[in-house]
Every structure is written in structure tokens, then in C-alpha cells.
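Remarks on the structure that follows.
The values are calculated or read from the model by the stated rules, or taken from the named source; none is laboratory data. Keep in mind that this is a model prediction, so the values were computed, not measured. Heads up, the Cβs are rebuilt from the backbone with ideal geometry, glycines too, and the neighbour counts pull from every protein chain shown.
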Amino acid sequence: MEELFDINQIFTSPSIRYASHPAYAQQFIVDHPQRPGVLLGMRFVFHCRQRPGSYKIGHETVGAR
């Protein structure tokens, strides 16, 4: 499927739920540090500030509502 936008750029979102979507944030499975045998699924996102006017707003990309 051909993308309708250039995917070679940085994507940001004002929503942590959107940014942690599986399309953007890979899940890592790690051992629980205090409970042997228990695994945790983790995703990492970064909180950042952006200079006003330094970015463009595009359409949503994963069908979020």
C-alpha cells in the first residue's frame, strides 16, 4: 500500500494513547524486577516540547477517533 505522505520524518502527537499505539511504539517484554517468573509488556514514548510554527499538522494515520 502506498503512503499518502513522506514517512521519512518525525511524527509527534499530543496524545500519549495515540503515541503508544502499536503502529508507532514497539512492545518490549521484560522480566518483572521483583516478581520472578512474571513478565511485563512495556512501550516507551518520549515527552517533548515543540517550537510553535516549527511543524505541520497532518491527517491521523491509524484510524483513531
Note on region 34-56: residues under 16 Å from the mean Cα position of the chain (by Cα) and among the hydrophobic types (A, V, I, L, M, F, W, C) are M42, F44, V45, F46, C48
Restricting region 2-30 to residues that are β-branched (V, I, T) and in a loop (DSSP other than H, G, I, E, B), the one surrounded by the most Cβ atoms within 10 Å (Cβ to Cβ) turns out to be T12
Counting only residues in region 31-51 that are in a loop (DSSP other than H, G, I, E, B) and hydrophobic (A, V, I, L, M, F, W, C), the one surrounded by the most Cβ atoms within 10 Å (Cβ to Cβ) is identified as V45
Every listed condition ((1) part of a loop (DSSP other than H, G, I, E, B); (2) modelled with pLDDT of 90 or more; (3) surrounded by fewer than 10 Cβ atoms within 10 Å (Cβ to Cβ)) holds for I57 save (2)
